Amino acid sequence: MRRPPGAVTELLGPALLVILVGVVGTTASASNEGYFLNALVSVAIVVAIYVFVGISGVLSFGQISFVALGAFAAGVMTVPVESKKGVLTSIFPLLRDHSIGNVPSLLLAAALGGVFAFLVGLPLMRLSGLAAGIATFAVLEITHNVLREWTKIGPGATTLALVPETTGALQATLGALVAITVAFLYQRSRRGRLLRASREDPAVARSVGVNIHLERLLAFTVSGALAGFAGGLYVHLLGSITTEQVYLELTFLTLAMLVVGGLTSLWGAVVGALAVSGLDSFLSRAESGVHVVFTFTLPQGTRLVFLAAIMALVLILRPSGLTGGRELRLRWSLRRWR
Amino acid sequence: MPEAAALELDGVDIRYGSVTAVRELTLRVGRSEIVGLIGPNGAGKSTTLHAIMGLLPVHQGEIRLNGQPLRRRSAESIARAGIALVPEGRRIFGDFTVEENLRLGLAARRRAYMGDPLAPAFELFPILQEFRRRQAGVLSGGQQQQLAIGRALVSRPDILLLDEPSLGLAPLAVDGIFKAFTEIRELGTTILLIEQRAQRTVALANRTHVLVGGELRMTLGPGDAENTQKIIAAYLAT
């Protein structure tokens, strides 16, 4: 079957934008490079959320659970064995005595994220709307507390440090590209179309034979695997992490990115992640003083107040996001007249 | 009776909360028949189709497909058992291409067939093949209706449920889809047709039932098509 129209720009648009950010990031000063890398990892996380929330139309506050699991799994497993004995004293011996490389740790994070999402999704994917949102929030709460209190599997409430910082410009860019490609292939696949149909019109989807529970579960699992993978990228970017960093604020930020960009398209997820991440970086710099024409300093907390206000404004003024929730179509205006 | 009817409703009650929308509805659709269901707005016609499809629960009574009861089965499993619904208002996916819309219908297909899986739609409506790469949203009303019927047909259902397929269509387009119903029947598919165009439906169908206030009032045969008085009387009967 020939690819339907727009398939090329649908993948290339987001991919080129990500590559551009990666390239510009390498030319930035060392102190600024972190912002670009952070933006690229945000793209991976937001695209992971998009795969479930965007395509299925079911709200989830829980996808950061899979990011957290991926981050801690990849982190714990890559701290060098000799360092682990000193800092992760109460951890299971199996985890204490073994370490794996960077790429295997990302694969492990993806696998764990996918398996966890599948298990959680089995009962939860029967829900939709508000119930789904609240139940997935419960998953976030459970994951957060288990990671924070169970010192047999990780550092508990203390910081996990000494994680190799392997997420550089190349790896962050490649990671974001992997997430985008998987999301693209899934949404273009037959299964992806069935799920999109169930988002647009559940009754019609069911009466043409779509098993909505099954399709949602599949998307939730793919989303969980990508989120785990993105968590792995994240921990290798930060070098040290606490459970608080993959909890409420990240949930809010990434959902804001998706909403601002446009919930229902891959292009929206990527644009939103980059735009909000850029703004977020600027504001956090401004909280400690920044020079734009003249030097000014914003009060502490301005950053989140501002981002939350922007999210609310977008919801009011442009509910389908900056991209209108549509994929990038370069020849859109031409095609209209054919 | 020699064999089980393709579709049977036996004393079916359908309720919305405490309101009974359809009461003790009994009807029988034989293999390769077209059975019409007409009646004023709010008579319970669409409700009946939704209940057959499993989108609404049946409060009492039984619906049988080829003799097998459908009670408590989900809509998707009923679709896979061989019933396809063409909903009112067409409800195609405007952002999808024509072909993508048709491929959705394959989800309910029971087995693989030789050749192009979309052939049942393309043979009946060649325009769909010609426009297969267009966005469905830019098709005309008549073409969208053809697409909605085509989407139902690609699953090769035993029974096609049609909910007001001629609604909002230009007269020529209406002629086109009524002609299609005859062809669909000739291919062996059974049709239960809800329509507002009472006279045309009575003329086309093997039998046409008049539903008023959730109850079956009268059954008309093709011979009654010219008897406008009788059709009007059936609608107005209380």
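The values are calculated or read from the model by the stated rules, or taken from the named source; none is laboratory data. It should be emphasised that the depicted structure is a prediction, and the values quoted were computed from it without experimental measurement. Here Cβ is always computed from backbone atoms with ideal geometry, including for glycine, and neighbour counts include all displayed protein chains.
Search the stretch B:64-88 for residues being more than 10 Å from chain A (Cβ to nearest Cβ) and of a type in the set (Gly, Ala, Ser), and hand back the single one that is nearest to B:Leu128 (Cα to Cα). Ranking the qualifying residues of the stretch B:64-88, first place goes to B:Gly82. Of the residues making up the stretch B:17-41, just one is in a strand (DSSP E or B), of a type in the set (S, T, N, Q) and surrounded by 15 or more Cβ atoms within 10 Å (Cβ to Cβ), namely B:Thr20.
If you go through the stretch A:223-255 and keep only what is surrounded by fewer than 24 Cβ atoms within 10 Å (Cβ to Cβ), of a type outside the set (Ser, Thr, Tyr) and assigned to a helix (DSSP H, G or I), you end up with A:Leu237, A:Leu238, A:Glu244, A:Gln245, A:Leu248, A:Glu249, A:Leu250, A:Phe252, A:Leu253, A:Leu255. Screening the stretch A:89-167 for helices (runs of 4 or more DSSP H) wholly inside it with 2 or more residues that are hydrophobic (A, V, I, L, M, F, W, C), at pLDDT 95 or above and buried (at least 17 other Cβ atoms within 10 Å of the Cβ) returns the ranges A:102-124, A:129-149.
For the stretch A:28-61, the set of residues classified as hydroxyl-bearing (Ser, Thr, Tyr), farther than 28 Å from A:Ser288 by Cα and outside any helix (DSSP H, G or I) consists of A:Ser60 only.
Taking the criterion of being touching a residue at least 24 places away in the same chain (Cβ under 8 Å) and not hydrophobic (A, V, I, L, M, F, W, C), the residues of the stretch A:174-195 that qualify are A:Gly175, A:Thr181, A:Tyr186, A:Gln187, A:Arg188, A:Arg191, A:Gly192. With respect to (1) modelled with pLDDT of 95 or more; (2) closer than 16 Å to B:Thr201 by Cβ, the lone exception for B:Ala148 is condition (2).
Exactly one residue among B:Gly89, B:Gly115, B:Gly94 is surrounded by fewer than 21 Cβ atoms within 10 Å (Cβ to Cβ), under 17 Å from the mean Cα position of the chain (by Cα) and either in a loop (DSSP other than H, G, I, E, B) or of a type in the set (A, V, I, L, M, F, W, C) (or both), and that residue is B:Gly89. Tell me, which residue of the stretch A:89-103 that is without any contact (Cβ under 8 Å) to a residue 40 or more places away in the chain and touching a helix residue (DSSP H, G or I) at 6+ places or on another chain (Cβ under 8 Å) is farthest from A:Ala74 (Cα to Cα)? Only one residue fits best here, namely A:Asp97.
Only residues that are surrounded by 23 or more Cβ atoms within 10 Å (Cβ to Cβ) and not in a loop (DSSP other than H, G, I, E, B): list them for the stretch B:161-180, please. Hits for the stretch B:161-180 are B:Leu161, B:Leu162, B:Asp163. Against the definition (more than 14 Å from every other protein chain (Cβ to nearest Cβ), farther than 13 Å from A:Val204 by Cα and touching a Gly at 6+ places or on another chain (Cβ under 9 Å)), how does B:Gly137 come out, yes or no? Criteria not met by B:Gly137. Being in contact (Cβ under 8 Å) with a residue 24 or more places away in the chain, farther than 15 Å from B:Arg156 by Cα, in contact with a Phe, Trp or Tyr (Cβ under 9 Å, 6 or more places away or on another chain) and assigned to a loop (DSSP other than H, G, I, E, B) is a property that holds for B:Arg132. Within the stretch A:200-216, the set of residues being more than 9 Å from chain B (Cβ to nearest Cβ) and surrounded by 20 or more Cβ atoms within 10 Å (Cβ to Cβ) comprises A:Glu215, A:Arg216. The requirement of being under 13 Å from the mean Cα position of the chain (by Cα) and not aromatic (Phe, Trp, Tyr) is fulfilled nowhere in the stretch A:283-299; no residue meets it.
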